[in-house]
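Encoded as structure tokens, the structure appears first; notes follow it.
The values are calculated or read from the model by the stated rules, or taken from the named source; none is laboratory data. Quick caveat: nothing in here was measured; it's all calculated off a predicted structure. So basically every Cβ, Gly included, is an ideal-geometry build from the backbone, and we count neighbours across all protein chains shown. Remember, those area values only see protein heavy atoms, side chains included, never the ligands or the DNA or RNA. Shrake-Rupley method; radii C 1.70, N 1.55, O 1.52, S 1.80 Å.
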Amino acid sequence: MTAKFEQIKKYILEKIESGEWQENALVPSENKLADDFAVSRMTARRAVEELSQQGILNRTKGSGTYVASLKGQGSMFEIKDIADEITARGHQHKATVIELETIQAIAPIAIALDVEVDSEVFRSVIVHFDNDKAVQVEERFINPKAAPDYLSQDFTSTSPHEYLSHVAPLTEARHTIEAVAPTEQVCEWLQLFNQEPCLQLIRRTSSKNNVVCFARIIYPGSSYRLGGQLTFGKH
């Protein structure tokens, strides 16, 4: 029999994953959840605290509990749509689709997507532009079970991030970041005239317990930087 606090967690996750509760939406209070599920406030608090620790909820003292902005688990970096970032600056976003295909998963890709080696997966390579300047190369490998219609999308008008967030709402993200020397192909895509260092982000995202996407995202080092904020408790 499922524990009561797990039932509350499942209820909250279903509301978020269905889109009924959007980012920054106010979540029912612990007292309300306790009444609805006929449990103690301590049980409801455990469910809310565990989801907060996972970065799914954001508790604000004196205000309430809200659906958090999606963040990589254990990371201070938000997962943002490159198109939204560019338009938020008042610039024009454009995307060029280089590849959109089905491939057989070699071992590293199969392991990352949790599928069988040589099974069919989807692959896309897209270059994103900020006011006609190439600012990102995005290579994604997609689990077809999570997004079966991925290859039929027009990614010049809808970004992969936006599409995947709709069909398979993300519940977990893990990523690593490192400096890399770009290949000749990446230099061509990013219109780099010398092999300046680039930032490479490797990200693996899941929806519920299923891996959705394994991505390699590359930015020119001269035009991109990472930042974040850490808040420390008072001692």
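Data for the structure
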{"item": "Residue selected from the stretch 28-61 under the condition among the aliphatic types (A, V, I, L, M) and closer than 24 Å to Leu164 by Cα, by the criterion modelled with the lowest pLDDT", "result": "Ile56"}
{"item": "Among (1) at pLDDT below 90; (2) under 29 Å from Asn209 (Cβ atoms) - the single one Ala179 does not satisfy", "result": "(2)"}
{"item": "Evaluation of Gly64 against (1) over 23 Å from Glu14 (Cβ atoms); (2) open to solvent by less than 80 Å² (accessible area, probe 1.4 Å); (3) touching a strand residue (DSSP E or B) at 6+ places or on another chain (Cβ under 8 Å); (4) at pLDDT 80 or above (one fails), failing number", "result": "(1)"}
{"item": "Odd one out for Asp154 among (1) in contact with a His (Cβ under 6 Å, 6 or more places away or on another chain); (2) open to solvent by 30 Å² or more (accessible area, probe 1.4 Å); (3) acidic (Asp, Glu)", "result": "(1)"}
{"item": "Conditions (1) modelled with pLDDT of 90 or more; (2) in a loop (DSSP other than H, G, I, E, B); number of the one not met by Ser206", "result": "(2)"}
{"item": "For Lys94: the one exception among (1) part of a strand (DSSP E or B); (2) farther than 22 Å from Tyr219 by Cβ", "result": "(2)"}
{"item": "Given (1) open to solvent by 40 Å² or more (accessible area, probe 1.4 Å); (2) at pLDDT 95 or above; (3) not aromatic (Phe, Trp, Tyr), index of the condition Ile126 fails", "result": "(1)"}
{"item": "Verdict on Val115 being among the aliphatic types (A, V, I, L, M) and modelled with pLDDT of 95 or more", "result": "no"}
{"item": "Single unsatisfied condition, Gly227 versus (1) in a strand (DSSP E or B); (2) of a type outside the set (Ser, Thr, Tyr); (3) modelled with pLDDT under 90", "result": "(1)"}
